[in-house]
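The values are calculated or read from the model by the stated rules, or taken from the named source; none is laboratory data. Here the structure is a predicted model, which means the values were calculated and not measured. Please note: Cβ atoms are built from the backbone with ideal geometry, for glycine as well, and neighbour counts cover all protein chains shown. Note: areas computed on protein heavy atoms with side chains; ligands, DNA, RNA excluded. Shrake-Rupley method; radii C 1.70, N 1.55, O 1.52, S 1.80 Å.
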Amino acid sequence: VQLQASGGGFVPPGGSLALSCAASGLVFRVYDFHWYRQAPGGQREWVATISDARTPSYADVVKGRATISRDNAKSTMYLQMDSLKPEDTAVYYCKANTWSREYWGPGTLVTVSS
């Protein structure tokens, strides 16, 4: 199983970013997918989830600024983030899980700075 996050980069405050998480080696449609992030010197925190039924949920810190989605045909999950703030700077990780399995991918760095 491989999860590969991409789309990170350098963004000015107020800008937008689209992250992708491409999955392989698993039955994509049965997994819940999540984004987590870890700021420099901080702990990993949950950002958003999209269930296998496509139900989204968001952490309060990104609610209203983030949209999580999935394309089962492409085995890819997405996170669109708008109105980015310097405190959104972090390494963003994707995770896939069912009730019995859990997989993490390597992160992608998002830096929000002027």
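Those residues that are closer than 22 Å to SER16 by Cβ, in contact with a strand residue (DSSP E or B) (Cβ under 6 Å, 6 or more places away or on another chain) and open to solvent by 20 Å² or more (accessible area, probe 1.4 Å), I need them from the range 86-97; list them, please.
Taking the range 86-97 first, the residues closer than 22 Å to SER16 by Cβ are 86-94.
Next cut, in contact with a strand residue (DSSP E or B) (Cβ under 6 Å, 6 or more places away or on another chain) only: 86, 88-94.
Within the range 86-97, PRO86, THR89, VAL91, TYR93 qualify.
Pull up the range 63-72, narrow it to residues that are out of contact with any Lys or Arg (no Cβ under 9 Å at 6 or more places or on another chain) and outside any strand (DSSP E or B), then point me to the one that is least open to solvent (accessible area, probe 1.4 Å).
Step one: filter the range 63-72 for residues out of contact with any Lys or Arg (no Cβ under 9 Å at 6 or more places or on another chain), giving 63-64, 66-68, 71.
This time we only want the ones that are outside any strand (DSSP E or B), so: 63-64.
Values: LYS63: 119, GLY64: 81 Å².
Across the range 63-72, the extreme among qualifying residues is GLY64.
Scan the range 25-62 for residues that are part of a strand (DSSP E or B) and either within 18 Å of TRP99 (Cβ to Cβ) or not basic (Lys, Arg) (or both) and report the count. Working first, answer last.
Let us first name the residues in the range 25-62 that are part of a strand (DSSP E or B), namely 32-38, 44-50, 56-58.
This time we only want the ones that are either within 18 Å of TRP99 (Cβ to Cβ) or not basic (Lys, Arg) (or both), so: 32-36, 38, 45-50, 56-58.
Result for the range 25-62: 15.
Per-residue answers, yes or no, for (1) under 14 Å from ALA5 (Cβ atoms); (2) of a type in the set (Ser, Thr, Tyr); (3) in contact (Cβ under 8 Å) with a residue 60 or more places away in the chain:
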site: ILE68; (1), (2), (3): yes, no, no
site: LEU79; (1), (2), (3): yes, no, yes
site: LEU84; (1), (2), (3): no, no, yes
site: GLY105; (1), (2), (3): yes, no, yes
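Of all residues being farther than 15 Å from VAL112 by Cα and touching a helix residue (DSSP H, G or I) at 6+ places or on another chain (Cβ under 8 Å) in the range 23-60, which is surrounded by the most Cβ atoms within 10 Å (Cβ to Cβ)? Just the residue, please.
PHE28
Checking SER83 against (1) assigned to a loop (DSSP other than H, G, I, E, B); (2) buried (at least 16 other Cβ atoms within 10 Å of the Cβ); (3) among the hydroxyl-bearing types (Ser, Thr, Tyr), only one condition comes out false. Which one?
Among (1) assigned to a loop (DSSP other than H, G, I, E, B); (2) buried (at least 16 other Cβ atoms within 10 Å of the Cβ); (3) among the hydroxyl-bearing types (Ser, Thr, Tyr), the lone unmet condition for SER83 is (2).
If SER100 satisfies every condition in (1) surrounded by fewer than 18 Cβ atoms within 10 Å (Cβ to Cβ); (2) of a type outside the set (Asp, Glu); (3) not in a loop (DSSP other than H, G, I, E, B) but one, which is the exception?
(3)
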